[in-house]
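Engineer: Got a structure for you, questions after.
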Amino acid sequence: PDLSYTWIFNNHTLDLQEDGRRFVSQATGSLYLAKVEPWDVGNYRCAVSSAAAQRHVWGPPTALTLRGDGVMGEYEPKIEVRFPETTYAAKGSSVRLECFALGK
């Protein structure tokens, strides 16, 4: 719960306020990019820190490249929906149902 995630792009901290295409989940640490553009190509690294443990750890760099042929092959986008058959809620309470579509 006290973990904080930051992503580094080409040795610079990503400014996620710059546009609405990028998002870092503080629950999972995942970086989401929508509508990848040529200027998104480069090296990405995740940095995880814990104030309580006074630790800061860097992940290995991961390169993002664009395919020139526009073919995704084995990495075609997939839409998977997994919901429980029944969701229970108390009268007057709030319910949150999430749906994700991810592609690589």
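Any read-out appearing in this document is the output of simple, stated calculations on the displayed coordinates, not a laboratory observation. It should be emphasised that the depicted structure is a prediction, and the values quoted were computed from it without experimental measurement. Every residue, glycine as well, gets a Cβ built from its backbone with ideal geometry; the counts of neighbours run over all protein chains shown.
Engineer: How would you rank 55-67, 37-49, highest first, on the average number of other Cβ atoms within 10 Å across their residues?
Structural biologist: My ranking of the peptides, most packed first, is 37-49, 55-67.
Engineer: Between residue 88 and residue 63, how many nm apart are label points set 7 Å from Cα along the C-beta direction?
Structural biologist: 5.2 nm
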